[in-house]
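Chemist: Provided herewith is a single structure, encoded as structure tokens, for subsequent inquiry.
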Amino acid sequence: TNYQALVQAATTAAAALANGGQGGNNQAALLANLVTAAANAAANAGPPAPMPPPPPAGPVHALEEVQVPAQLMQQVVGPGGSGLEEIKNKVGGDIIIELGHGAVDPVGGMRMLKVRGPAVSASLGACLLNLQVAELCTAAA
């Protein structure tokens, strides 16, 4: 086949070049044969192989925001962040819970927690945070 001819011509040309340049005209002929074999192989190669399908898309990440009354923030976060860590573990550990930047909302006295991660996990994390806030509000009333 043309591929085998190309490999044979390349092997012959490489061996001639490895001999340190002996027989300069012979090397030129070998290289010409190699170029011809490569052109023939390319011409008879047929259509290129189809491209493989792209890899599946990674999980879509989401951002959920949860408002927490400023006076309950310490209880929600827990000592050393243990409250947030507990929620993270319940969800499966694939979320990040961040404290929102900025001061306390002067009108409602609310702080923001942001839950980032795969859409389902972020949503579940936000629901668990809202549940914890509701339970703390009910207990305080």
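Chemist: Taking residue 93, is it closer than 24 Å to residue 57 by Cα and either modelled with pLDDT under 90 or of a type in the set (Asp, Glu) (or both)?
Modeler: It is true that residue 93 is closer than 24 Å to residue 57 by Cα and either modelled with pLDDT under 90 or of a type in the set (Asp, Glu) (or both).
Chemist: Checking the structure you have, find out if any residue of the range 15-33 is open to solvent by less than 100 Å² (accessible area, probe 1.4 Å), modelled with pLDDT of 70 or more and within 43 Å of the chain's Cα centre (by Cα).
Modeler: Checked the range 15-33: no residue is open to solvent by less than 100 Å² (accessible area, probe 1.4 Å), modelled with pLDDT of 70 or more and within 43 Å of the chain's Cα centre (by Cα).
Chemist: Right, another one. Is at least one residue of the range 68-82 in a loop (DSSP other than H, G, I, E, B), open to solvent by less than 100 Å² (accessible area, probe 1.4 Å) and at pLDDT 90 or above?
Modeler: Yes; the residues of the range 68-82 include at least one that is in a loop (DSSP other than H, G, I, E, B), open to solvent by less than 100 Å² (accessible area, probe 1.4 Å) and at pLDDT 90 or above.
Chemist: Kindly indicate which of 109, 117 is modelled with pLDDT under 90, more than 30 Å from residue 8 (Cβ to Cβ) and small (Gly, Ala, Ser).
Modeler: The match here is 109.
Chemist: May I ask you to list the residues in the range 116-141 that are surrounded by fewer than 17 Cβ atoms within 10 Å (Cβ to Cβ), of a type in the set (Ser, Thr, Tyr) and closer than 10 Å to residue 91 by Cα?
Modeler: Across the range 116-141, the qualifying residue is only 123.
The values are calculated or read from the model by the stated rules, or taken from the named source; none is laboratory data. Given the structure is predicted, the values throughout are model-derived calculations rather than measurements. Methodologically, a virtual Cβ is constructed for each residue, glycine included, from the backbone with ideal geometry; neighbour enumeration extends over all protein chains shown. Calculation scope for accessible area: heavy atoms of the full protein, side chains included, ligands and nucleic acids excluded. Shrake-Rupley method; radii C 1.70, N 1.55, O 1.52, S 1.80 Å.
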